[in-house]
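Presented below is the structure to which this report refers.
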Amino acid sequence: MPKFIFVAGGVMSGIGKGVATASIGKILQSKGFKVTAIKIDPYINVDAGTMNPIEHGEIFVTADGIECDQDVGNYERFIDENLTTDNYITTGRVYQAVINRERNLGYGGKCVEVVPHIPEEVISRIKKVAYSQRSWDGSSESKIRNRARISKPPHQKFGGGGRADFVLVEIGGTVGEYQNLLFLEAARMMKLANPKDVLFILVSYLPIPEMIGEMKTKPTQTAVRLLNEAGIQPDIILGRSRVPLDELRKRKISIFCNVQKKDVISAPDIESIYEIPINFEKENLGNQILKKFGLRPRKKNLKDWGKLVKVIKTAKKPVKIGIVGKYFETGKFTLMDSYISIIEAIKHASWFFKRRPEIHWLSAEYYEPAQIPKKFGAGENSSRSVKELKNFDGIIVPGGFGSRGIEGKIKAIEFCRKNKIPYLGLCLGMQLAVVEFARNVCKIKDANSTEFEPNCRQPVIDVMPEQKSILKEKSYGGTMRLGEYKCKIKPNTISSRTYKTLDIVERHRHRYELNNAFREALETKGMVMAGINPEKDLIEIIELKEPPFFVAVQFHPEFKSRPLRPHPLFREFIKACIKKRAK
Ligand code: GLN
């Protein structure tokens, strides 16, 4: 019987429940168990795809094409497994399934009620993940979700297959709010049915108010009481705080929250999230969990992970990367969440070379000359010169939607091309590299993407044919070209040397593509079409031959980068950046 560990959050959001869950997964895995993880988001959205990254953070995409929360990305990075649609649950998805079943007489004429039918649906989804031998099966749910999908490569296996020993279930939100009550109810029902197989962990926050200067446990006590009201007693409490919990605080939490003192785990702020499993182990968290289930560790191996953490902590020589994007400014604050997988991929690749990544946010609108017509999204207060990009070892233009910042990004790409600054374009960053090259090298002056100029005379980037009706019907949810598709790489290219194979699969999330009508014109002037999707003849990778490094891809390699296995494209990009820096 698989074991289920529910992770809920107390006091406030944003205290790192996702990485805590991922870290617990890593520890259990290192002790020889098969682990999988589920993220539950309490919002009504069926998936995360319709939300603005500034609102929600990055939209992560799984191999089988669900647009989900960035925590699923954290799980994949820590436990090094490809997760699936099933590993992501939202209130919207649960209600949608229950309502669809009711419409199909699936409840056999019964009155369908919030309780128990909603928690029951949640439980069945959690159990499905625990027992499933997952491979993408073209199920009807996926088909409804993604009408744009033409065919799905049948070769893929997801989630490692087989039964999991542990299923970690992170319940989004904070205990005490209305939104996640039904999920807590599902957890409670599971515990009632199988008391020996279910464990609750509360990740709580212990503030140190400046005017008092002392770590306070009361909010955590209140959080536990709220959890008790939902019929749940936490077995373990992870105490998040600025500094480690002292014995006094641990004792207090133990007494007032009704847990053993050794089950109060200190989780202080740290420099790198990858240190967390090591820190948890110092507190003996893994063995505590196993003991509660009556299990013994099968082996112990966090060695490679430990080595990585050492590099993270000791790497001194920097590599300086600029990300020219637009999803990081919110009022007076800068968000990093919108590009989290890209940031992590840069880090993984830098650490591979024992470098310290230095990542800078560059708002594309800085570089927009004021005279560009507003319809192309010119910024009002363009105040900085694109020449500042000279100070970077490499530039990335990431994915994005809508016209704001587009011309600034094109300016940045032009500057990289002309000044030999290593460039990596991701999705939109590839499309704009094509627009830039068409305008400035092929002299197709009106070149643009129909995403920004629907009646463009020279649409070098155009909407994919099957997307036209989708956009017309405004059927936006889950209808992009999503998830893994094959790409055939051209021999003797940067890509072939980088991947060391000519057959790859990468994850996608887009509606527009390079317009094949312009392929020849671009190739004549030296653009290399280095990767093509064989089924659709869709350009997946473009390159420029001139050193140091100019590669742009229609897909999102960042989703596949793992701490101990940096993505080859990021690795080669960082290598080129380090080389440039040495010059
Ligand atoms: N907006 C572009 C498209 O839909 C690029 C998408 C992306 O960068 N993820 O094709």
Taking the options Ala521, Ala438, Ala517, Ala433, name whichever one is within 18 Å of Ala364 (Cβ to Cβ), more than 11 Å from the ligand (Cβ to nearest atom) and among the aliphatic types (A, V, I, L, M).
Ala433
If the requirement is being closer than 30 Å to Gly57 by Cβ, part of a helix (DSSP H, G or I) and of a type in the set (S, T, N, Q), which of these qualifies: Asn279, Asn287?
Asn279
Do we find a residue being within 14 Å of the ligand (Cβ to nearest atom) and among the acidic types (Asp, Glu) anywhere in region 464-485?
yes
Counting only residues that are in a loop (DSSP other than H, G, I, E, B), out of contact with any helix residue (DSSP H, G or I) (no Cβ under 8 Å at 6 or more places or on another chain) and over 26 Å from Thr50 (Cα atoms), how many does region 487-515 have?
4
For region 450-464, which positions are under 14 Å from Ser403 (Cα atoms) and part of a strand (DSSP E or B)?
Ile461
Could you please find all residues in region 17-46 being under 13 Å from the mean Cα position of the chain (by Cα) and either modelled with pLDDT under 90 or buried (at least 23 other Cβ atoms within 10 Å of the Cβ) (or both)?
Gly18, Ala22, Lys39
Of these, Ile444, Ile461, which one is closer than 29 Å to Phe415 by Cβ and within 15 Å of the ligand (Cβ to nearest atom)?
Ile461
What are the residues in region 465-481 that are outside any helix (DSSP H, G or I) and in contact (Cβ under 8 Å) with a residue 60 or more places away in the chain, if any?
Ser475, Tyr476, Gly477, Gly478, Thr479, Met480, Arg481
Any idea which of Gly92, Gly49, Gly73 is under 16 Å from Ile342 (Cβ atoms), assigned to a helix (DSSP H, G or I) and not β-branched (Val, Ile, Thr)?
Gly73
Whichever residue in region 401-430 is within 15 Å of the ligand (Cβ to nearest atom) and assigned to a loop (DSSP other than H, G, I, E, B) and, among such residues, is nearest to Ser385 (Cα to Cα)
Gly405
Reported set for region 497-514 where residues are of a type in the set (Lys, Arg) and either without any contact (Cβ under 8 Å) to a residue 24 or more places away in the chain or away from the ligand (no atom under 16 Å from the Cβ) (or both) is Arg497, Lys500
Determine which member of the set Gly138, Gly108 is at pLDDT below 90 and part of a loop (DSSP other than H, G, I, E, B).
Gly138
From the list Pro566, Pro557, which one is more than 16 Å from the ligand (Cβ to nearest atom) and within 21 Å of the chain's Cα centre (by Cα)?
Pro566
Identify, from the list Asn533, Asn515, the residue that is under 22 Å from Thr62 (Cβ atoms) and surrounded by 18 or more Cβ atoms within 10 Å (Cβ to Cβ).
Asn533
List every residue pair whose Cβ atoms sit under 9 Å apart, with the two residues 6 or more apart in sequence or on different chains, where the first one lies in region 372-400 and is closer than 14 Å to Trp361 by Cβ and basic (Lys, Arg) and the second, anywhere, is modelled with pLDDT of 50 or more and not in a loop (DSSP other than H, G, I, E, B).
Arg384/Leu362; Arg384/Ser363; Arg384/Tyr366; Arg384/Tyr367
Only one of these is assigned to a loop (DSSP other than H, G, I, E, B), touching a strand residue (DSSP E or B) at 6+ places or on another chain (Cβ under 8 Å) and touching a residue at least 60 places away in the same chain (Cβ under 8 Å): Glu484, Glu535, Glu546. Name it.
Glu535
For Ile340, are the conditions met, namely being modelled with pLDDT under 95, part of a helix (DSSP H, G or I) and either within 16 Å of the ligand (Cβ to nearest atom) or crowded, with 22+ Cβ neighbours inside 10 Å (or both)?
yes
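The values are calculated or read from the model by the stated rules, or taken from the named source; none is laboratory data. Keep in mind that what you see is a predicted model, and the values were worked out from it rather than measured. Note that we place each Cβ from the backbone using ideal geometry, even for glycine, and neighbour counts take in every protein chain shown.
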